[in-house]
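The values are calculated or read from the model by the stated rules, or taken from the named source; none is laboratory data. Keep in mind it's a predicted model, so treat the numbers as computed, not measured. Using ideal geometry, Cβ is built from the backbone for each residue, glycine included, and neighbour counts are taken over all protein chains shown. For the accessible areas, the whole protein counts, side chains as well, though only heavy atoms, and no ligand, DNA or RNA atoms are used. Shrake-Rupley method; radii C 1.70, N 1.55, O 1.52, S 1.80 Å.
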Amino acid sequence: MDFIECYRKAGRIACSVRDLAKKKEYVGKTLYEICEKIEKEIIENGGFPAFPVNVSLNEIAAHYTAEPDDPKIVGEEDVLKIDIGVHVAGYIADTAVTISYNNEYHSLVKASENALKEALKVARNRAKSSEIGKAIENSIIKSGYIPIKNLSGHSLERYTIHAGKSIPNINSFGSFLLEPDQAYAIEPFVTLKNGIGIVHEGKVANIFAIISRKPTKNKELDNFLNDIWGRYKSLPFALRWVLDSYDEKNARYLLDNLKKKKNIHAYPTLVEGNNMMVAQSEHTIIPHETFTEVITSCTNN
Ligand code: MN
Ligand code: MN
């Protein structure tokens, strides 16, 4: 399979798993059940999770995954963002959907979907990243909401989710041109007018990734680090994912120490600055010279 085929396969899996998730009734379900089920479906479909499924509720914009046996239950009034990453041989499809169980926020969700649609109209080979940001911002403002300014889409590389180029959610300075056969995630985040439109880091940080393989001079830590590298390379992982080989207490101890030694980074949750509701929609695209593929759109495949 060449790399485009790997992206297409990852995209097909991500799309079908996301659309299945969208149809499900999650009220009364724990975040643990939701994450485990979706990750299992990715594997059953022939892919691997490129990161732990993000299940971010309400004012949490991103970067929350279930703790082991996470008891948190989705409530009748919640706005749930499900962000899914699938990789095939390291080639990643990144996609997200927001489900609102509160009628009051249906139009907020719709605003993120419309902004993504507008962005996809202009995102093509040689398009300026600032034009995409402008399309997103204009669409969101027209819907009566505001974009989250400090969250953005991103280029994707093999085994790397945020690969250096940012696709803004606002009309911003500093622009680059989209390149052919390069994967990009586009992901508008929308909040209410009385939000700040900026996220800050929350207290919880339960998504991890290796940032350095430098030996620690501690055999136990080095073995753990090598084991994680063998499984996930530099891709993010969750504590849940290592409990097949480590007991929870020990795994927490190893993670804490590797964080202190700066071998592992923990990604904090990202929370809206005024604790307002956030909705997100995301697709991964690959521009080509003459056409653009939305690899996470099922109608594309
Ligand atoms: Mn995502
Ligand atoms: Mn993304």
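If we scan the stretch 101-117, do we find a residue that is open to solvent by 10 Å² or more (accessible area, probe 1.4 Å), within 25 Å of residue 167 (Cβ to Cβ) and hydroxyl-bearing (Ser, Thr, Tyr)? Yes, the stretch 101-117 has at least one match. Of the strands (runs of 3 or more DSSP E) lying entirely inside the stretch 127-193, those containing at least 1 residues that are under 22 Å from residue 50 (Cβ atoms) and either of a type in the set (S, T, N, Q) or open to solvent by 60 Å² or more (accessible area, probe 1.4 Å) (or both) are 153-156.
The residues on offer are 103, 58, 45, and the sole one that is in contact with a helix residue (DSSP H, G or I) (Cβ under 7 Å, 6 or more places away or on another chain) and either more than 16 Å from ligand 2 (Cβ to nearest atom) or at pLDDT below 95 (or both) is 45.
Residue by residue, here is whether (1) under 16 Å from residue 282 (Cβ atoms); (2) in contact (Cβ under 8 Å) with a residue 12 or more places away in the chain; (3) within 16 Å of ligand 1 (Cβ to nearest atom) holds:
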| site | (1), (2), (3) |
| --- | --- |
| 10 | yes, yes, yes |
| 23 | no, no, no |
| 71 | no, yes, no |
| 80 | yes, yes, yes |
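Is one or more of the residues making up the stretch 239-250 in the same structural domain as residue 219 (by TED's automatic domain parsing), under 24 Å from residue 157 (Cβ atoms) and in contact with a strand residue (DSSP E or B) (Cβ under 9 Å, 6 or more places away or on another chain)?
Residues of the stretch 239-250 in the same structural domain as residue 219 (by TED's automatic domain parsing): 239-250.
Keeping just the survivors that are under 24 Å from residue 157 (Cβ atoms) gives 241.
In the following step, the residues that additionally are in contact with a strand residue (DSSP E or B) (Cβ under 9 Å, 6 or more places away or on another chain) were identified as 241.
Yes.
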